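Engineer: Following this message is one structure expressed as C-alpha cells.
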Amino acid sequence: MWHNAAEEIPCKGMNRPMEVFGVVRPLVLTAELYADISGETDPEELALMQVQDRGVAEEVADVLSDLYAIDTTLTVPRADEGLDEPIGTVADIRELRRIAAAIHGKTEDDYQEGRVAAGFAFNHLINHAEDSGYYVPVDFLQSFVVGDSSVGSAVALLRELEMLDLVLAEMFPQEYNLATNTPIEEYLELPGPVGVWRALRRLCQSAIDLDLPVQLG
C-alpha cells in the first residue's frame, strides 16, 4: 500500500497472496513520473498527486528534524527508483522478529508494548508495521509513527540485520548458505525468515545507495 498518490508500480511476484513487498523510490515523484504511472494528462491532477505525497513526506521530514535534527531530501520530487521485490509473508516476517527478540530474551510483544527501552537492538525491525510504512536512508535511534505510517531507519535496520548473521547461520544452515553464496546483487526467491533477512538487506542497501526510502506494501 504505497502512499504515492499515483497508481502502484508493480513488483515481482504481485500475484502471490499474503506477501509483503518493498520498493525503493521517492515519496514525492516528478510530474512526468506521475503521468507515466497513472496515465493522467491533466496538469492540475498531476499537481494534486504531488501535493498529496509531499504532505506525507513533509510530516516524516518534520519529525526527523524535530526529534533528531536530521535534514533529508524526502520532500524533493525525484524520478529515481531502486529495487522492488517481495520480502516474504507476514508469517515469515514475524518469525524473523521472534528470532531477533529472543536473542536478548525478549518477545515481539515486549517491544511493541513498550517494555523495551528506546534504542534497544532490533527496534527498527520489530517496532514497525510489518506490511506498510517506510525505512528512510538516514540513521536515527528509534522508529516512530507519523499518522498511520511507521517510519524506521534503513541504516539502522541494515545494522540489525547484520547482527542476525550468526544465529540464522546456526538455525537455518542450508538457507543461509544459499543466501550468502548467491551474490547479493542477484534476486533470490528464498522462503522463510532467511528470505526476509536477505530481501530487507538488499532493499536497505539500495535505499542507502540512492538516498531514497524503502516503502512497504
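All of the numbers you see were taken from the coordinates with simple rules; none came from a lab. All of these numbers come straight from a predicted model, not from anything done at the bench. Neighbour counts run over all protein chains shown; Cβ positions are idealised from the backbone, glycine included.
Engineer: Roughly speaking, what % of Cα-Cα pairs in the chain are separated by over 24 Å, rounded to a whole number?
Structural biologist: That fraction is 42 percent.
Engineer: Considering only the stretch 94-217, what is the antiparallel percent among its DSSP beta bridges, to the nearest 5? Please list the in-between numbers first.
Structural biologist: Numbers: 6 of 9 bridges.
If I count the DSSP bridges inside the stretch 94-217, around 65 percent turn out antiparallel.
Engineer: Dividing the convex hull volume of the Cα atoms of the stretch 88-217 by its residue count, what figure in Å³ per residue is obtained?
Structural biologist: Output value, Cα hull per residue: 99 Å³.
Engineer: Continuing with the same structure: Which residue, P137, P193, P183, has the most motion in a Gaussian network model of the chain that connects Cα atoms within less than 10 Å?
Structural biologist: Result for the chain, Cα springs under 10 Å: P183 fluctuates most.
Engineer: Also, I was wondering about something else. Show that you can apply the helix-only estimate: for the chain, add -39,500 (n - 2.57) for every DSSP H stretch of four or more residues, divide by all residues, and state [θ] at 222 nm to the nearest 500.
Structural biologist: Mean residue ellipticity at 222 nm (helix-derived): -14000 deg cm²/dmol.
Engineer: Taking N as the number of residues in the stretch 103-145, what is its Cα Rg relative to 2.2 N^0.38 Å?
Structural biologist: On the way: Rg = 10.4 Å, N = 43, 2.2 N^0.38 = 9.2 Å.
Here the Cα radius of gyration is 1.13 times the empirical estimate.
Engineer: What distance in nm separates the simple spin-label points at T41 and V167, each placed 7 Å from Cα in the Cβ direction?
Structural biologist: 5.6 nm
Engineer: Let's test the formula: R0 of 45 Å, r as the Cβ-Cβ distance of E81 and Q174. What FRET efficiency results, to the nearest 0.05?
Structural biologist: Rounded to the nearest 0.05, the efficiency is 0.85.
Engineer: Using all alpha carbons of the stretch 159-217, what is the percent of pairwise distances in each 5 Å bin, ordered from the shortest bin to the longest?
Structural biologist: Per 5 Å bin, starting at 0, the Cα pair percentages come out as 4, 18, 29, 25, 15, 7, 1.
Engineer: I've got another one for you. Using only the alpha-carbon atoms, what does the stretch 13-62 span along each of its principal axes? Please give whole angstrom values in decreasing order.
Structural biologist: 35, 31, 14
Engineer: Turning to a different aspect of this structure: With a 10 Å Cβ neighbour count serving as the proxy for reagent exposure, in which order, fewest first, do I126, I103 appear?
Structural biologist: I103, I126
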